Amino acid sequence: MLVDRAGRRYPLDEPRWRGDDGSPLLVEPLPGITRDDVDTRVRSQWRYAAALPRPVDRPVSLGEGCTPLLPFDVDGVPLAVKPEWFNPTASFKDRGTTVMMSVLAAQGVTGMLEDSSGNGGSSVAAYAAAAGIRATVLAPESTSPAKIQQSRAHGATVALVPGNRQATADEAVRRSASTCYASHNWHPYFLQGTKLLAYEIWEDLGFRAPDAVVLPAGAGSLVLGCHLGFGELLRSGAIGRRPRLLVAQPAHCSPLVAAFATGAPAVGPGQWSPTVAEGTAIAFPVRDREVLAAIRASDGDLAAVAEADIAPATFELARRGLYAEPTSSIVVPAIREFLRRGTLRPGETTVVILTGSALKAADTVGRLLAGR
(Lines give C-alpha, C1' and ligand atoms only; values in the text may rest on other atoms or scores of the structure.)
Protein backbone atom coordinates (compact mmCIF):
# COMPACT_ATOMS: atom_id res chain seq x y z
CA MET A 1 0.00 0.00 0.00
CA LEU A 2 0.91 3.66 -0.39
CA VAL A 3 0.67 5.90 2.65
CA ASP A 4 0.56 9.69 3.12
CA ARG A 5 1.76 11.77 6.06
CA ALA A 6 -1.62 11.50 7.78
CA GLY A 7 -1.42 7.71 7.65
CA ARG A 8 -4.09 7.25 4.97
CA ARG A 9 -3.47 4.20 2.80
CA TYR A 10 -3.99 3.86 -0.95
CA PRO A 11 -3.73 0.92 -3.38
CA LEU A 12 -0.32 0.36 -4.94
CA ASP A 13 -1.74 0.23 -8.44
CA GLU A 14 -3.66 3.52 -8.20
CA PRO A 15 -2.01 6.16 -10.46
CA ARG A 16 -1.76 8.99 -7.93
CA TRP A 17 1.17 11.24 -7.04
CA ARG A 18 0.11 12.61 -3.64
CA GLY A 19 -2.27 11.90 -0.80
CA ASP A 20 -5.72 13.36 -0.27
CA ASP A 21 -4.16 15.74 2.25
CA GLY A 22 -1.71 17.03 -0.38
CA SER A 23 1.29 15.32 1.21
CA PRO A 24 3.78 13.08 -0.61
CA LEU A 25 3.28 9.33 -0.67
CA LEU A 26 5.60 6.52 0.36
CA VAL A 27 5.34 2.79 -0.13
CA GLU A 28 4.74 1.12 3.23
CA PRO A 29 7.88 -0.48 4.75
CA LEU A 30 9.03 -3.60 2.92
CA PRO A 31 10.92 -6.61 4.34
CA GLY A 32 13.98 -6.27 2.09
CA ILE A 33 15.95 -9.04 0.44
CA THR A 34 19.13 -11.02 1.00
CA ARG A 35 21.92 -11.96 -1.38
CA ASP A 36 20.05 -15.12 -2.38
CA ASP A 37 17.35 -12.92 -3.93
CA VAL A 38 19.74 -11.06 -6.26
CA ASP A 39 19.22 -12.19 -9.86
CA THR A 40 22.84 -12.26 -11.03
CA ARG A 41 21.75 -13.10 -14.59
CA VAL A 42 20.59 -9.50 -15.02
CA ARG A 43 23.23 -6.84 -15.75
CA SER A 44 21.27 -3.83 -14.56
CA GLN A 45 19.75 -2.67 -11.29
CA TRP A 46 16.77 -4.87 -12.13
CA ARG A 47 18.84 -7.67 -10.60
CA TYR A 48 17.33 -6.39 -7.32
CA ALA A 49 13.73 -6.49 -8.62
CA ALA A 50 12.75 -8.78 -5.72
CA ALA A 51 13.08 -5.72 -3.46
CA LEU A 52 10.28 -3.83 -5.26
CA PRO A 53 6.78 -3.71 -3.75
CA ARG A 54 5.23 -5.71 -6.59
CA PRO A 55 6.47 -7.66 -9.63
CA VAL A 56 7.05 -5.75 -12.88
CA ASP A 57 6.39 -8.03 -15.82
CA ARG A 58 7.80 -5.74 -18.51
CA PRO A 59 10.40 -3.30 -17.15
CA VAL A 60 11.07 -0.16 -19.17
CA SER A 61 14.84 -0.50 -18.95
CA LEU A 62 17.79 0.99 -20.81
CA GLY A 63 20.42 -0.89 -18.79
CA GLU A 64 20.62 1.43 -15.80
CA GLY A 65 22.68 0.61 -12.72
CA CYS A 66 25.78 -1.55 -12.31
CA THR A 67 27.91 1.62 -12.24
CA PRO A 68 31.52 1.14 -11.10
CA LEU A 69 32.86 1.66 -7.60
CA LEU A 70 36.31 3.24 -7.91
CA PRO A 71 39.08 3.86 -5.38
CA PHE A 72 39.31 7.54 -4.50
CA ASP A 73 40.83 9.73 -1.81
CA VAL A 74 40.57 13.26 -0.49
CA ASP A 75 43.71 14.65 1.15
CA GLY A 76 45.06 11.14 1.53
CA VAL A 77 41.92 9.71 3.18
CA PRO A 78 40.88 6.54 1.29
CA LEU A 79 37.31 6.53 0.01
CA ALA A 80 35.37 4.93 -2.84
CA VAL A 81 33.49 6.85 -5.51
CA LYS A 82 30.48 5.81 -7.56
CA PRO A 83 30.22 7.85 -10.81
CA GLU A 84 26.55 7.72 -11.68
CA TRP A 85 27.04 9.15 -15.16
CA PHE A 86 27.52 5.58 -16.36
CA ASN A 87 23.72 5.39 -16.34
CA PRO A 88 22.01 5.70 -19.76
CA THR A 89 21.20 9.44 -19.62
CA ALA A 90 24.34 10.26 -17.60
CA SER A 91 22.83 10.75 -14.14
CA PHE A 92 21.54 8.76 -11.17
CA LYS A 93 17.98 9.83 -12.04
CA ASP A 94 17.69 6.84 -14.38
CA ARG A 95 17.56 4.56 -11.33
CA GLY A 96 14.27 6.09 -10.22
CA THR A 97 12.87 6.77 -13.67
CA THR A 98 13.10 3.17 -14.89
CA VAL A 99 10.90 1.94 -12.03
CA MET A 100 8.50 4.89 -12.16
CA MET A 101 8.04 4.63 -15.93
CA SER A 102 7.61 0.86 -15.77
CA VAL A 103 4.73 1.34 -13.34
CA LEU A 104 3.15 4.13 -15.42
CA ALA A 105 3.31 1.96 -18.54
CA ALA A 106 1.70 -0.94 -16.68
CA GLN A 107 -1.06 1.41 -15.51
CA GLY A 108 -1.83 2.37 -19.11
CA VAL A 109 -0.62 5.98 -18.88
CA THR A 110 -0.15 7.48 -22.38
CA GLY A 111 0.91 11.04 -21.54
CA MET A 112 2.61 12.61 -18.52
CA LEU A 113 4.10 15.79 -17.08
CA GLU A 114 7.47 16.20 -15.31
CA ASP A 115 9.26 19.21 -13.83
CA SER A 116 13.03 19.30 -13.57
CA SER A 117 16.14 21.46 -13.46
CA GLY A 118 17.66 19.18 -16.10
CA ASN A 119 18.78 15.65 -15.29
CA GLY A 120 15.38 14.44 -14.14
CA GLY A 121 13.72 15.84 -17.22
CA SER A 122 16.15 14.29 -19.67
CA SER A 123 15.87 10.96 -17.86
CA VAL A 124 12.07 11.02 -17.96
CA ALA A 125 12.16 12.04 -21.64
CA ALA A 126 14.36 9.06 -22.52
CA TYR A 127 12.34 6.48 -20.60
CA ALA A 128 9.03 7.93 -21.79
CA ALA A 129 10.30 7.46 -25.34
CA ALA A 130 11.25 3.87 -24.56
CA ALA A 131 7.80 3.28 -23.05
CA GLY A 132 5.88 4.99 -25.84
CA ILE A 133 4.52 7.63 -23.45
CA ARG A 134 4.18 11.30 -24.46
CA ALA A 135 6.19 13.49 -22.09
CA THR A 136 6.03 17.19 -21.31
CA VAL A 137 8.95 18.56 -19.29
CA LEU A 138 8.84 21.90 -17.48
CA ALA A 139 12.27 23.35 -16.70
CA PRO A 140 13.63 26.63 -15.32
CA GLU A 141 14.67 29.00 -18.09
CA SER A 142 18.22 28.94 -16.65
CA THR A 143 18.60 25.18 -17.18
CA SER A 144 21.76 24.04 -18.97
CA PRO A 145 21.04 23.91 -22.73
CA ALA A 146 22.58 20.43 -23.07
CA LYS A 147 19.98 18.99 -20.71
CA ILE A 148 17.11 20.69 -22.54
CA GLN A 149 18.50 19.54 -25.88
CA GLN A 150 18.62 15.95 -24.68
CA SER A 151 14.98 16.05 -23.55
CA ARG A 152 13.86 17.46 -26.88
CA ALA A 153 15.95 14.95 -28.82
CA HIS A 154 14.09 12.14 -27.05
CA GLY A 155 10.83 13.65 -28.29
CA ALA A 156 9.59 15.37 -25.16
CA THR A 157 7.86 18.74 -25.27
CA VAL A 158 9.95 21.15 -23.18
CA ALA A 159 8.51 24.35 -21.73
CA LEU A 160 10.86 26.80 -20.02
CA VAL A 161 9.46 28.55 -16.96
CA PRO A 162 10.65 32.03 -15.84
CA GLY A 163 12.09 32.24 -12.35
CA ASN A 164 13.83 29.76 -10.10
CA ARG A 165 13.49 25.99 -9.68
CA GLN A 166 10.64 26.43 -7.19
CA ALA A 167 8.64 28.42 -9.74
CA THR A 168 8.88 25.47 -12.13
CA ALA A 169 7.66 23.04 -9.47
CA ASP A 170 4.74 25.33 -8.65
CA GLU A 171 3.76 25.57 -12.31
CA ALA A 172 3.85 21.78 -12.65
CA VAL A 173 1.51 21.35 -9.70
CA ARG A 174 -0.89 23.85 -11.29
CA ARG A 175 -0.89 21.84 -14.53
CA SER A 176 -1.33 18.53 -12.73
CA ALA A 177 -5.10 19.05 -12.65
CA SER A 178 -5.33 18.20 -16.35
CA THR A 179 -2.30 15.94 -16.97
CA CYS A 180 -0.85 12.81 -15.36
CA TYR A 181 1.82 14.35 -13.14
CA ALA A 182 4.74 11.97 -12.71
CA SER A 183 7.32 14.16 -11.02
CA HIS A 184 10.50 12.42 -9.92
CA ASN A 185 10.23 14.49 -6.72
CA TRP A 186 6.67 13.39 -5.94
CA HIS A 187 6.08 9.95 -7.41
CA PRO A 188 6.49 7.20 -4.77
CA TYR A 189 7.84 4.68 -7.27
CA PHE A 190 10.75 6.94 -8.18
CA LEU A 191 12.12 6.35 -4.69
CA GLN A 192 11.63 2.62 -5.18
CA GLY A 193 14.15 2.94 -8.01
CA THR A 194 16.68 5.14 -6.25
CA LYS A 195 16.68 2.78 -3.25
CA LEU A 196 18.24 0.12 -5.46
CA LEU A 197 21.50 2.12 -5.36
CA ALA A 198 21.81 1.03 -1.72
CA TYR A 199 21.45 -2.60 -2.77
CA GLU A 200 24.09 -2.09 -5.46
CA ILE A 201 26.58 -0.52 -3.03
CA TRP A 202 25.93 -3.44 -0.66
CA GLU A 203 26.78 -5.91 -3.42
CA ASP A 204 29.78 -3.82 -4.61
CA LEU A 205 31.26 -4.10 -1.12
CA GLY A 206 30.89 -7.87 -0.98
CA PHE A 207 27.41 -7.73 0.55
CA ARG A 208 28.46 -5.37 3.32
CA ALA A 209 27.21 -1.92 4.26
CA PRO A 210 29.58 1.05 4.15
CA ASP A 211 30.09 3.10 7.28
CA ALA A 212 29.04 6.30 5.51
CA VAL A 213 27.69 7.56 2.18
CA VAL A 214 28.45 11.11 1.02
CA LEU A 215 26.02 12.59 -1.48
CA PRO A 216 24.60 15.90 -2.70
CA ALA A 217 20.93 16.78 -2.18
CA GLY A 218 18.38 19.13 -3.67
CA ALA A 219 14.99 17.49 -3.28
CA GLY A 220 16.69 14.56 -1.57
CA SER A 221 15.44 11.58 -3.60
CA LEU A 222 18.90 10.01 -3.44
CA VAL A 223 19.06 10.49 0.33
CA LEU A 224 15.66 8.88 0.76
CA GLY A 225 16.54 6.10 -1.66
CA CYS A 226 19.62 5.21 0.40
CA HIS A 227 17.56 5.44 3.58
CA LEU A 228 14.92 3.09 2.22
CA GLY A 229 17.36 0.61 0.67
CA PHE A 230 19.70 0.30 3.62
CA GLY A 231 16.69 0.21 5.94
CA GLU A 232 15.31 -2.77 4.07
CA LEU A 233 18.67 -4.52 4.15
CA LEU A 234 18.76 -3.96 7.89
CA ARG A 235 15.22 -5.33 8.19
CA SER A 236 16.08 -8.47 6.19
CA GLY A 237 19.15 -9.12 8.34
CA ALA A 238 21.52 -8.64 5.38
CA ILE A 239 23.38 -5.86 7.23
CA GLY A 240 23.78 -5.04 10.89
CA ARG A 241 23.64 -1.21 10.88
CA ARG A 242 22.71 1.79 8.78
CA PRO A 243 25.44 3.82 7.08
CA ARG A 244 25.64 7.47 8.09
CA LEU A 245 24.21 9.71 5.39
CA LEU A 246 26.48 12.74 4.94
CA VAL A 247 24.75 15.29 2.73
CA ALA A 248 26.06 18.33 0.86
CA GLN A 249 24.14 21.38 -0.31
CA PRO A 250 25.37 24.67 -1.83
CA ALA A 251 25.37 27.50 0.72
CA HIS A 252 23.45 29.67 -1.75
CA CYS A 253 20.49 27.27 -1.46
CA SER A 254 20.74 25.04 1.59
CA PRO A 255 17.33 24.82 3.28
CA LEU A 256 17.92 21.28 4.56
CA VAL A 257 21.20 22.33 6.17
CA ALA A 258 19.50 25.26 7.89
CA ALA A 259 16.67 23.10 9.22
CA PHE A 260 19.03 20.36 10.39
CA ALA A 261 21.22 22.85 12.26
CA THR A 262 18.28 24.17 14.29
CA GLY A 263 16.67 20.78 14.90
CA ALA A 264 13.61 21.76 12.89
CA PRO A 265 11.47 18.94 11.48
CA ALA A 266 10.93 20.76 8.17
CA VAL A 267 12.54 23.51 6.11
CA GLY A 268 11.50 27.12 6.52
CA PRO A 269 11.67 30.16 4.25
CA GLY A 270 15.12 31.50 3.47
CA GLN A 271 16.88 34.13 1.41
CA TRP A 272 18.56 32.01 -1.24
CA SER A 273 20.69 33.01 -4.23
CA PRO A 274 21.38 31.39 -7.61
CA THR A 275 24.08 28.72 -7.52
CA VAL A 276 26.23 27.03 -10.11
CA ALA A 277 25.11 23.74 -8.52
CA GLU A 278 21.76 24.09 -10.30
CA GLY A 279 20.55 20.56 -9.64
CA THR A 280 20.43 21.16 -5.88
CA ALA A 281 18.78 24.60 -5.95
CA ILE A 282 15.42 23.65 -4.43
CA ALA A 283 14.16 26.02 -1.75
CA PHE A 284 11.25 23.86 -0.55
CA PRO A 285 11.94 20.15 -1.06
CA VAL A 286 8.68 18.23 -1.31
CA ARG A 287 9.85 15.52 1.09
CA ASP A 288 11.80 17.77 3.46
CA ARG A 289 10.42 16.12 6.60
CA GLU A 290 11.29 12.65 5.38
CA VAL A 291 14.79 13.67 4.21
CA LEU A 292 15.65 15.34 7.52
CA ALA A 293 14.29 12.37 9.47
CA ALA A 294 16.35 9.97 7.32
CA ILE A 295 19.60 11.82 7.95
CA ARG A 296 18.92 11.95 11.68
CA ALA A 297 17.99 8.27 11.80
CA SER A 298 21.37 7.40 10.28
CA ASP A 299 23.27 9.61 12.75
CA GLY A 300 24.28 11.60 9.67
CA ASP A 301 25.19 15.19 8.96
CA LEU A 302 24.74 18.02 6.46
CA ALA A 303 27.17 20.66 5.24
CA ALA A 304 26.71 23.85 3.23
CA VAL A 305 29.38 24.41 0.57
CA ALA A 306 30.53 27.96 -0.18
CA GLU A 307 29.89 29.02 -3.77
CA ALA A 308 33.57 29.94 -4.17
CA ASP A 309 34.54 26.32 -3.43
CA ILE A 310 32.38 24.70 -6.12
CA ALA A 311 34.40 25.54 -9.23
CA PRO A 312 37.73 24.45 -7.68
CA ALA A 313 36.10 21.19 -6.61
CA THR A 314 34.79 20.62 -10.15
CA PHE A 315 38.27 21.06 -11.61
CA GLU A 316 39.89 19.04 -8.83
CA LEU A 317 37.74 16.09 -9.82
CA ALA A 318 38.30 16.71 -13.52
CA ARG A 319 42.08 16.67 -13.04
CA ARG A 320 41.64 13.18 -11.65
CA GLY A 321 39.62 12.03 -14.63
CA LEU A 322 36.18 12.46 -13.02
CA TYR A 323 34.20 14.94 -15.10
CA ALA A 324 31.42 15.69 -12.62
CA GLU A 325 28.92 18.51 -12.97
CA PRO A 326 29.12 21.22 -10.28
CA THR A 327 26.02 19.80 -8.59
CA SER A 328 27.99 16.62 -7.89
CA SER A 329 31.30 18.33 -7.18
CA ILE A 330 30.03 19.93 -3.97
CA VAL A 331 30.73 16.60 -2.25
CA VAL A 332 34.50 17.30 -2.29
CA PRO A 333 34.53 20.39 -0.02
CA ALA A 334 31.79 18.74 2.02
CA ILE A 335 34.04 15.72 2.61
CA ARG A 336 36.71 18.05 4.03
CA GLU A 337 34.13 19.62 6.33
CA PHE A 338 32.83 16.24 7.51
CA LEU A 339 36.40 15.12 8.20
CA ARG A 340 36.98 18.30 10.21
CA ARG A 341 33.84 17.65 12.26
CA GLY A 342 34.59 13.95 12.74
CA THR A 343 31.35 12.75 11.13
CA LEU A 344 33.48 11.20 8.37
CA ARG A 345 36.30 9.14 9.86
CA PRO A 346 39.54 7.92 8.29
CA GLY A 347 39.80 4.16 8.29
CA GLU A 348 36.10 3.58 7.73
CA THR A 349 34.46 2.49 4.48
CA THR A 350 32.93 5.57 2.84
CA VAL A 351 31.20 5.68 -0.54
CA VAL A 352 30.90 9.01 -2.37
CA ILE A 353 28.16 9.49 -4.98
CA LEU A 354 28.83 11.64 -8.05
CA THR A 355 25.35 12.13 -9.41
CA GLY A 356 25.85 13.45 -12.94
CA SER A 357 28.29 14.26 -15.73
CA ALA A 358 29.69 17.70 -16.55
CA LEU A 359 28.92 16.87 -20.19
CA LYS A 360 25.35 17.77 -19.20
CA ALA A 361 26.50 21.18 -17.95
CA ALA A 362 29.00 22.10 -20.67
CA ASP A 363 28.07 25.79 -20.81
CA THR A 364 28.33 26.13 -17.04
CA VAL A 365 31.74 24.49 -16.97
CA GLY A 366 32.84 26.72 -19.86
CA ARG A 367 31.93 29.79 -17.83
CA LEU A 368 33.82 28.44 -14.82
CA LEU A 369 36.88 27.86 -17.00
CA ALA A 370 36.69 31.39 -18.39
CA GLY A 371 36.53 32.80 -14.87
CA ARG A 372 39.64 31.04 -13.56
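The values are calculated or read from the model by the stated rules, or taken from the named source; none is laboratory data. What you are looking at is a predicted structure, and each value in this text was computed from that prediction instead of being measured. Counting neighbours? That spans all protein chains shown, and the Cβs are built from the backbone with ideal geometry, glycine included. Only protein heavy atoms, including side chains, enter the accessible area calculation; ligands, DNA and RNA are left aside. Shrake-Rupley method; radii C 1.70, N 1.55, O 1.52, S 1.80 Å.
This table checks each residue for (1) in a strand (DSSP E or B); (2) open to solvent by 50 Å² or more (accessible area, probe 1.4 Å).
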{"position": "Glu14", "(1), (2)": "no, yes"}
{"position": "Asp21", "(1), (2)": "no, yes"}
{"position": "Pro29", "(1), (2)": "no, yes"}
{"position": "Val42", "(1), (2)": "no, no"}
{"position": "Trp46", "(1), (2)": "no, no"}
{"position": "Ala50", "(1), (2)": "no, yes"}
{"position": "Pro59", "(1), (2)": "no, yes"}
{"position": "Pro71", "(1), (2)": "yes, yes"}
Of Ala258, Ala297, Ala304, Ala334, which residue is under 18 Å from the mean Cα position of the chain (by Cα), open to solvent by 40 Å² or more (accessible area, probe 1.4 Å) and not hydroxyl-bearing (Ser, Thr, Tyr)?
Ala304
I'm told Val161 meets every condition in (1) open to solvent by 10 Å² or more (accessible area, probe 1.4 Å); (2) hydrophobic (A, V, I, L, M, F, W, C); (3) closer than 22 Å to Thr67 by Cα except one. Can you identify the failing condition by its number?
(3)
State whether the residues of segment 206-217 include one that is among the acidic types (Asp, Glu), open to solvent by 20 Å² or more (accessible area, probe 1.4 Å) and modelled with pLDDT under 95.
no
Wholly enclosed helices (runs of 4 or more DSSP H) of segment 76-154 bearing at least 2 residues of a type outside the set (Asp, Glu), open to solvent by 10 Å² or more (accessible area, probe 1.4 Å) and modelled with pLDDT of 95 or more
93-106, 119-131
Name the residues in segment 18-35 that are of a type outside the set (Gly, Ala, Ser) and without any contact (Cβ under 8 Å) to a residue 60 or more places away in the chain, would you?
Asp20, Asp21, Glu28
Would you be able to tell me the number of residues in segment 173-200 that are among the β-branched types (Val, Ile, Thr), surrounded by fewer than 20 Cβ atoms within 10 Å (Cβ to Cβ) and touching a residue at least 24 places away in the same chain (Cβ under 8 Å)?
1
Which of the residues spanning segment 337-363 are out of contact with any strand residue (DSSP E or B) (no Cβ under 7 Å at 6 or more places or on another chain), farther than 17 Å from Leu302 by Cα and open to solvent by 20 Å² or more (accessible area, probe 1.4 Å)?
Gly347, Thr349, Leu359, Ala362, Asp363
